[in-house]
Structure formats: C-alpha cells, structure tokens
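For reference, the structure is listed below as structure tokens.
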Amino acid sequence: MTAEGSAGTEGAAGVAGAAGAEAAAGAARPGAAPRELQARFEELIAADERVEPRDWMPEAYRKTLVRQIAQHAHSEIIGMQPEGNWITRAPSLRRKAILLAKVQDEAGHGLYLYAAAETLGVDRADLLDALHTGRQKYSSIFNYPTLTWADIGAIGWLVDGAAIINQIPLQRCSYGPYARAMVRICKEESFHQRQGFELLHDLAHGTPEQHAMAQDALDRWWWPSLMMFGPPDAESAHSAQSMAWRIKRHSNDDLRQRFVDISAPQAEALGLTIPDPDLRWNEERGHYDFGEIDWSEFQEVLAGNGPCNRQRVAQRVRAHEDGEWVRQAALAYAAKQEAKLAAKPAANLSENPSETKEVVAA
Amino acid sequence: MSTSSLVDNSLVAQYALQLGDDALILSQRLSEWCAHSPELEEDVALANLALDLLGQARTLLTYAGTLEGRGRSEDDLAFLRTEREFRNVLLVEQPNGDFAVTIARQLYFATYQYELYTALRESTDAEFAGLAAKAVKEVAYHRDHAVQWTLRLGDGTEESHRRMQEGLDLLWPYTAELFAADSVALALAETGVAVDPRTLRPAWEASIAAVIEAATLTMPGGSWQPRGGRAGEHTEGFGLLVGEMQALHRQFPGAAW
C-alpha cells in the first residue's frame, strides 16, 4: 500500500549509510566493474532511461533498491492486517465486497513487488525472513490499530492518499521493474483512495454517531499519515543519493506539503476538521501552513514501540510458521511429479489443469 | 422474477435464500483467512473465492428480498435476521480449521456448487438461470483450486497426507445435507425452477472419489449425517459467526453505510 518516504527514510538509516560507503569503496576497488560499465550506468541515469535487471549497476544502487522494494512489499502485506480486521464486520455487503477486493489488491501488490525485488538477485523467502526477524522494516503507519469502521475510510483516504503521492514519482524510478510495477499499483491505489473518501463521506453525512466516528478516525490518523513521508529533509541524510540515482525525485518535505495541500480542502468537503490548530492557507507561499510534527512519536514507533508493532510481526510469523507444512507439501508433491515425469512421462498427473480435469471427470 | 405465475413466489424466495446463505456464510468463513494463509498466493486466492461467493450471495439475497415482497434488501437479510432464520447448510459454517480442513470444505462444496449451477443454468426461472450461467464459471475455478491443493496435500508429505485425510473425514458427514430431499427444492424442481438435490449426488461423488484416489487418500465413510441448516438449526459456532458479522450493522440501527 505504501512506499514510505524514500529509500530508508525510516528504519534503515544505518544500513543506508553503510550502503553509501560501500558504493564509494566499490568505485575505487581494484577489479571492480570496468570504468565503461560505470560510465554506461551513469549515462542511463543522466538520460533518464531505465536500468534493467541485466544491466550492470553499482552494488550500492542494487542494495538501496532491494531495501526500498522489500520495505514496500512488506508494507503491502502487513497492511492487510489492520484492514483485514474489519472484513468480517463490514456493515453492508457492498462495503464488505469493496474491502475484500482492496485487501486482495494489497496481497497482489506484495506479489508484484517481491517479484520486482527478485529481479535484483534476492529471494522472497529471504526477504520474508528479514521481515520476520526485524532486519527489514515496513511502513510504520501499520503499527496503529483500526479501532472503528471509520478507520477503514481513513486508511483509504489518508494512508493510501499519502502512498499515491509517494508512488506517482516512482513510476518514473530509474529501475525498470520497480517503475513498471508502480504503474499498475498506482492505478489500483487511486481506487482505494476514492473508496476511503467515499466511505468517510457517507459516515460524515450520516447520523451524528457516524459523523463522530469519522472525526475520531481523522483525529487519530492525520499525524501518523504526515509522518509517512519520512523525516524532514534536513535529517534525511541518504535522500540525496536516492535523488541522484533517480530512485527518488522529490524531497520528503515537498511531498508532505503536497499531501497537506490536497487533503485540507478534501477534509472541508467531508465536513471534518483536521486536528491541527496551525493549519491555514498561506496566500504568499501558495500552500497550507501546518503545525509541528511530533517526531518523538515517530521515533518511538520506529523503534518498535507503537501500539501494534509486536502484534503485527507476531501474526505474520504465526501465519508463516502455521503454513510451513503446506509449503513443504507443495514442494514434496512437485518433486514427486518431476520424478514420475522422468520415469514415465505418459503416466504423469501433471500441473496441466486439463489433465487434472480428466481425473476429476473420471 | 419467476417466469411462471403458477410458481409460488415465497417458495422461490426460500430457495434463493438457501443458495444465497450458503454462499454468504462460506464467504464469511473464507475471509477469516485474510493475512493468515500459508502463502501470499493463497491470500490472493482465498480472498478471490470469498469475493466470488459474496457476489453470488448478493444477487441471491436481493432476489429473495424482491420475491418475498416485504421490502427487505440484501443487507436487511444478511444483517438483521437471527441465527435461526439462516438457511445455509451446516457444511459451509464449519470452522476453517487448518488449511487442510478449509481445502476439504472447498473440495466438497465447490464440487457440489459446480454440479448445482451446471444444472441450474436450465432453470425456468430466468434469474436463477442467469446467475448460474455466470457463477458456474467462477466455481469451476474454485473446484480446480481445491482439487490442486487436495492432490498436493494428499500426495505431499506424511504430515500433509495425514492432515488432508483428517480434514476430509471431519467434514464428510456434513456432505449428506447437500443432497437431502429438501421440501422447498423438491416442490420447485417439479416446475423446473430448482434442481432436485438428490440428482446431483452421483456426479459429485464420482468426481470426489477420483480426486481422492489420485491424491492417494481414502474415501471417508460412516453413517452419521448431521443436518438441519435448511430448517435453521445450526451448529453452536454459527451464533458467533453471525454475531461478528452483524455486530456493527446492529449497533447503529437505521444508519446507511
């Protein structure tokens, strides 16, 4: 659902620093990629063309992308939890269908993104292991709980809205497979955002209790949504490298401002109040001014102390462990089929559905 | 609307409720898997099955509400009936269990739905015929998904074989109700509106037996045949499922969503 801030805007500051250092070392290392390869890579970037999996790329570039794409993929699948929390209780069948479809999309986004990461020579199983052991992060926004039905609307409107602002520039990211995955994901996210806005609109224009539920959701999700763009530019040390590589195209603060500028009139249209007394239109700047973000809360959640950090990872790990025997069975079955095929091709009950259907109909 | 004025609309409404409740309750159970399944691919697949079933349920409940003529919408029927008013078979309300139990339930039910919808395409009721023509394509995929997993779990590892057999054995008794001589279906079958459930059993059983054999598993047996769902007599866990499904809707009477 979200590509949070820029590469490692949260979480992996140390790792990103190390990657940057490695890039410098790599360039100077004897026996490293020939100068022409580096030059060709730099030309591609300068010409705003796409780097493809078979192209040579600096190791630090590859690592930065792996970390960012993995974090994005992890966010998609962890994000299924807070939303999945309400599927069985959705208050109308239409809303239930929309939410089911949305959560299914998130799982699909996870799949594309893990596949995009795999083009960089990593394995999905290893990335999941990194998520389960806390070596890789997911978007901190999902460490907040969905306490009421209105939170499903707030996630669509604000969280997906912030994600879209982060992701639209990623459609032009220098790494081809990631950029292309983003094109499809952005289309689906715009539906997600619209359904969230519509859900909240119905609540805000419903009974007084429904309106209060919508306002309460906005009160709780507004500030964490602003934090999704990552720390202020002055503190986002490795943003510069990602910008130079054209993985990232706008600064955290610019994207955050864009989000506030879009969201403030939308809140007005909803008839809801953004919980920021300092929010007001600044004619001179042509932007909304807004209040100070409590970065200590961000740091706390990042450090693992948000309301749901432990719960989210524990559920992920439990699902993975509970499913181990199923994955083993699929592997064992595939191996048996392969052995049978090698021994006696005609008798094989293959993966081919048409052959399986003959068995079914027999 | 039913094509024949001789057909009792309240019977047709009851039949629509039976099939609609089957789809709704199984959809509800499947959606409990969200973010808990063994692989990301299965999170996609199970949500997709739930979504197809929910779509079928919405069509059928809406139709039931129209026919009964009391102005009840799909939501009124889903969220404002009591447990005893639901008409789904007991099989679809059985808890998910482990992945093998869920697959066993899918194998039994999707194979049944495939046979049912195949026959219902010929219904004299245009609404049922139209729904069946669309839904049969969906449930053909559901059945294929269940068959593929039954083969893998049955002929996978020792543990998966044991679990799959246990899942099949656990749910087998509930399959009898799918083919029971229900009075609503029988009355409507005479005019070609509904399918006589008893006629679906031979093809269903042959299909299930072939899959079970190919999966190196054993056909379950036994004489216990619990039923009662069509009469609104459900299992204990069903009240919790309904309570969860309806809680929010009932908290705000009259609200629109």
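The values are calculated or read from the model by the stated rules, or taken from the named source; none is laboratory data. Model, not experiment: these values are computed from the prediction. Cβ sites come from the backbone with ideal geometry, for glycine too, and all protein chains shown count toward neighbours. Side chains are part of the model used for accessible areas, which takes the heavy atoms of the whole protein and leaves out ligands, DNA and RNA. Shrake-Rupley method; radii C 1.70, N 1.55, O 1.52, S 1.80 Å.
In the elastic network of chain A, a GNM with C-alpha springs shorter than 10 Å, the most mobile of A:Ile164, A:Ile152, A:Ile274 is A:Ile274. Radius of gyration over Kirkwood radius for segment A:239-321, both on Cα atoms: the Rg/Rh ratio is 1.10. The Rg/Rh ratio for chain A, using Cα coordinates for both the radius of gyration and the Kirkwood hydrodynamic radius, is 1.02.
In whole angstrom, how far apart do the alpha carbon centroids of segment A:160-176 and segment A:39-90 sit? What the calculation gives is 10 Å, centre to centre.
Shown here is the pair-distance distribution of segment A:255-297: with all Cα-Cα distances grouped in 10 Å bins from zero up to the longest one, the shares run 25, 57, 17, 1 percent. The phi torsions of segment A:216-222, fed into the Karplus equation with coefficients 6.51, -1.76 and 1.60 and a -60° offset, translate into couplings of 4, 5, 4, 4, 7, 9, 4 Hz, rounded to whole numbers, with Gly and Pro shown as x. Under 5 Å from the amide H of A:Tyr175 lie the amide H atoms of A:Val51, each residue being 5 or more positions distant or on a separate chain, with H modelled from the backbone and absent for Pro and chain starts. Reported to the nearest whole Å, the Cα centre-to-centre distance from segment B:178-257 to segment A:246-265 is 52.
In summary, the convex hull built on the alpha carbon positions of segment B:8-115 has an orientation-averaged projected area of 7.0 nm². Packing order of peptides A:38-45, B:208-215, highest average first: B:208-215, A:38-45 (average count of other Cβ atoms within 10 Å over each peptide's residues). Annotation: A:Asp126 carries an accessible surface of approximately 100 Å², with a 1.4 Å probe and no ligand, DNA or RNA atoms counted.
The angle between the Cα long axis of helix B:99-120 and the main principal axis of chain B comes to about 50°, on a 0 to 90 degree scale.
In plain terms, if you count all Cα to Cα distances in chain B and split them into 10 Å steps from zero, the share in each step is 7, 31, 37, 19, 5, 0 percent.
Shielding by partners for peptide A:102-114, expressed as the average number of C-beta atoms from other protein chains within 10 Å of each residue's C-beta, is 4. Taking all protein chains together and a 1.4 Å probe, the residues B:Arg105, B:Arg70, A:Arg249 rank B:Arg70, A:Arg249, B:Arg105 from largest to smallest accessible area. Take the Cα pairs of segment A:40-119, get the Kirkwood Rh, then feed it into Stokes-Einstein at 4 °C and 1.567 mPa s and tell me D in µm²/s. D, rounded to a whole number, is 87 µm²/s. Note on A:Lys344: lysines with a C-alpha under 23 Å away, same-chain residues under 8 apart excluded, are A:Lys336, A:Lys357.
At the residue level, A:Leu226 shows approximately 0 square angstrom of accessible surface with a 1.4 angstrom probe and all protein chains present.
Shielding of peptide A:75-84 by partners, expressed as the average count of other chain Cβ atoms within 10 Å per residue Cβ, is 3. Residue by residue along B:22-34, Cβ atoms of other protein chains within 10 Å of the local Cβ number 3 on average. Computed packing ranks the peptides B:112-119, B:139-146 as B:112-119, B:139-146, most packed first, by mean other Cβ atoms within 10 Å.
Listed values for segment B:200-213 are Karplus-derived 3J(HN,Hα) couplings in whole Hz (6.51 cos²θ - 1.76 cosθ + 1.60, θ = phi - 60°), namely 7, 4, x, 5, 4, 5, 5, 5, 5, 4, 5, 5, 4, 5, and x replaces Gly and Pro. What do you get for the angle between helix B:126-154 and the principal long axis of chain B? Use alpha-carbon atoms, 0 to 90 degrees, nearest ten. Taking Cα atoms only, the helix is inclined about 20 degrees. By the Stokes-Einstein formula, at 1.567 mPa s and 4 °C, segment B:102-157 with its Kirkwood radius over alpha-carbon pairs has D equal to 110 µm²/s.
For the protein assembly as shown, with all protein chains in place and a probe radius of 1.4 Å, 54% of the accessible heavy-atom surface sits on carbon or sulfur. Once you divide the Cα radius of gyration of segment A:111-172 by 2.2 N^0.38 Å, the number left is 1.38. Per-residue ellipticity at 222 nm computed for the protein assembly as shown from its helices equals -20500 deg cm²/dmol, with DSSP H segments shorter than 4 residues left out and the rest contributing -39,500 (n - 2.57). Shape annotation for segment B:153-250: C-alpha extents along the principal axes are 44, 40, 24 Å, from largest to smallest.
Over the C-alpha trace of segment A:46-178, radius of gyration and Dmax come out as 16.4, 52 angstrom. Result for chain A in a Gaussian network model with C-alpha springs under 10 Å: among A:Pro265, A:Pro231, A:Pro34, the largest mean-square fluctuation is at A:Pro34. Temperature 37 °C, viscosity 0.692 mPa s: under these conditions the Stokes-Einstein estimate for segment A:155-237, based on its Kirkwood radius over C-alpha pairs, is 230 µm² per second. For the pair A and B, the buried accessible area comes to roughly 4700 Å² in total, with a 1.4 Å probe and the value rounded to the nearest 100.
Using only alpha carbons, the protein assembly as shown has a radius of gyration to Kirkwood radius ratio (Rg to Rh) of 1.02. Heavy-atom accessible area, probed at 1.4 angstrom with all protein chains present, ranks B:Thr102, B:Thr59 as B:Thr59, B:Thr102, highest first. Close amide H contacts of A:His287 (hydrogens built in the peptide plane, cut-off under 5 Å, sequence separation of 5 or more or a different chain): A:Asn282. To the nearest 10, the accessible area of A:Thr133 is 80 Å² with a 1.4 Å probe. Taking 0.36 nm per residue of separation and subtracting the Cα-Cα distance, full extension of the segment from A:Asp219 to A:Glu36 would add 60.5 nm. For segment B:52-68, a decrease in accessible area of 20 Å² or greater in the assembled protein chains relative to the isolated chain, with a 1.4 Å probe, applies to B:Leu54, B:Arg58. Taking Cα atoms, how many degrees apart are the long axis of helix B:9-31 and the longest axis of chain B, rounded to 10 and kept between 0 and 90? That helix lies at roughly 40 degrees to the long axis.
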